[in-house]
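Report on the following structure.
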Amino acid sequence: MNPQSKLTRKDYENYLVSLYFGTDQDLMTACIKRAYRDFNRTMHGFGQFDKSVQLYNEAVILLKESLNRLKSLSSITPMTAEVFDDWHKTTRERLTSLFDEKGFHLYVGQAQKWVNMTLKYVFTVGEHRIEGYSFAYPHCHVPLDNILLDKLEKYGFPALKCAWSRLDDYDHYLQRQNWLRQRFSLAPMDVEFMLWLGQEIEE
C-alpha cells in the first residue's frame with residue numbers, strides 16, 4: 001500500500017511560515033518582530049538600556065498601527081510613490097521620536113530597515129495570509145543593508161555617506177530610494193528580491 005499525501009503546497013508553505021515567524025502571535029506582529037532581529041545587532045547598548053523592553057513593545061505597537069494606516073490608504077487615495085513616501089516619512093519620524101523621547105537614539109538607517117523589512121516579510125508570506133498591502137508593493141522602499149549595497153554597486157548605486165545603520169539624513173536616504181526607482185524598470189522590491197536570490201537584473 002502506498003498512501004498518497006493529502007498535504008497541499010499551501011500546507012508546506014504554512015510550515016515554513018510558522019517555522020520562521022512562529023505561531024504564538026498574529027502574523028503581522030511576527031513580521032515586525034522578525035524584522036527587528038534583522039538590525040538590532042546595530043543598536044549598541046540597547047540591551048543595557050533600562051527602558052528597552054517597554055520601548056521595544058511600544059515601538060511594535062506603533063509600527064502595527066502605522067501599517068494599518070497604510071492599508072487604509074487604499075480606500076482613501078490612489079497609491080503613488082509620493083503617497084507612500086509621505087507615509088514612510090511619517091512612520092519613520094514617529095518611530096525615531098518615540099525612541100528619542102525615551103532617551104535612546106534610533107538612527108534613520110535602523111528605522112528604515114525595520115519598516116522596510118517588515119513590509120518585505122508581509123509580501124513574502126503573501127496576500128492570502130496578510131491581505132490588503134499588495135497595492136503598495138510597486139512603491140515600497142527596499143531595506144538598505146550591507147549585502148544589498150554590495151550587490152547594487154555594479155549597477156552604479158551612489159554610495160551612502162556613512163554605514164547604513166548610522167545614516168541619519170532622511171533626504172539622503174530618500175534620494176537613494178528614488179535612484180532605485182529611476183534606475184530599473186522593475187519595482188524596487190522586485191530588484192531587492194532578485195539580487196538577494198543571486199539573479200542578475202537585465203540592463
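The values are calculated or read from the model by the stated rules, or taken from the named source; none is laboratory data. Here the structure is a predicted model, which is why all the values come from computation and not from measurement. In this analysis, Cβ positions are derived from the backbone assuming ideal geometry, glycine residues included, and neighbour counts consider all displayed protein chains.
Could you identify the single residue in 179, 164, 196 that is under 30 Å from residue 57 (Cα atoms), aromatic (Phe, Trp, Tyr) and at pLDDT 95 or above?
164
Within the range 56-69, identify whether any single residue is of a type in the set (Val, Ile, Thr) and under 15 Å from the mean Cα position of the chain (by Cα), and answer yes or no.
Residues of the range 56-69 of a type in the set (Val, Ile, Thr): 60-61.
So of that shortlist, the ones also under 15 Å from the mean Cα position of the chain (by Cα) come out as 60.
Checked against the condition, which is being of a type in the set (Val, Ile, Thr) and under 15 Å from the mean Cα position of the chain (by Cα), the range 56-69 yields at least one hit.
A quick yes/no check of all residues on (1) farther than 21 Å from residue 45 by Cα; (2) of a type in the set (D, E, K, R); (3) modelled with pLDDT of 95 or more; (4) in contact with a Ser or Thr (Cβ under 9 Å, 6 or more places away or on another chain):
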site	(1), (2), (3), (4)
76	yes, no, no, no
80	yes, no, yes, no
85	yes, yes, yes, no
97	no, no, yes, no
107	no, no, yes, yes
113	no, yes, yes, yes
116	yes, no, yes, no
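Within the range 52-68, identify whether any single residue is part of a helix (DSSP H, G or I), among the polar types (S, T, N, Q) and crowded, with 17+ Cβ neighbours inside 10 Å, and answer yes or no.
Filtering the range 52-68 down to residues part of a helix (DSSP H, G or I) leaves 52-68.
Filter once more, keeping what is among the polar types (S, T, N, Q): 52, 54, 57, 66, 68.
Of the ones still in play, those that are also crowded, with 17+ Cβ neighbours inside 10 Å are 66.
Taking every residue of the range 52-68 in turn, at least one turns out to be part of a helix (DSSP H, G or I), among the polar types (S, T, N, Q) and crowded, with 17+ Cβ neighbours inside 10 Å.
In the range 164-185, which residues are outside any helix (DSSP H, G or I), closer than 17 Å to residue 152 by Cα and within 18 Å of the chain's Cα centre (by Cα)?
Answer for the range 164-185, where residues must be outside any helix (DSSP H, G or I), closer than 17 Å to residue 152 by Cα and within 18 Å of the chain's Cα centre (by Cα): there is none.
Would you mind stating whether residue 142 is closer than 17 Å to residue 84 by Cβ and either loosely packed, with under 15 Cβ neighbours inside 10 Å or not acidic (Asp, Glu) (or both)?
Criteria met by residue 142.
Of (1) outside any loop (DSSP other than H, G, I, E, B); (2) under 20 Å from the mean Cα position of the chain (by Cα); (3) loosely packed, with under 13 Cβ neighbours inside 10 Å, residue 190 satisfies all except one. Which?
Of (1) outside any loop (DSSP other than H, G, I, E, B); (2) under 20 Å from the mean Cα position of the chain (by Cα); (3) loosely packed, with under 13 Cβ neighbours inside 10 Å, only one is false for residue 190: (3).
Has the range 97-115 got any residue that is loosely packed, with under 13 Cβ neighbours inside 10 Å, of a type in the set (S, T, N, Q) and in a helix (DSSP H, G or I)?
Yes, that holds for at least one residue.
State which residue is farthest from residue 40 (Cα to Cα) when the search covers only the range 151-176 and only residues that are crowded, with 16+ Cβ neighbours inside 10 Å and without any contact (Cβ under 8 Å) to a residue 60 or more places away in the chain.
The extreme case among them is 157.
For residues that are more than 18 Å from residue 131 (Cα to Cα), within 12 Å of the chain's Cα centre (by Cα) and either of a type outside the set (Asp, Glu) or assigned to a helix (DSSP H, G or I) (or both), tally how many sit in the range 22-44.
The total comes to 6.
Any residue in the range 83-95 that is touching a residue at least 24 places away in the same chain (Cβ under 8 Å) and surrounded by 14 or more Cβ atoms within 10 Å (Cβ to Cβ) sitting within a Cβ distance under 9 Å of a residue that is part of a helix (DSSP H, G or I) and of a type in the set (Lys, Arg)? List the pairs, counting only those 6 or more apart or interchain.
As it stands, the answer is 91/69, since those pairs meet every condition given.
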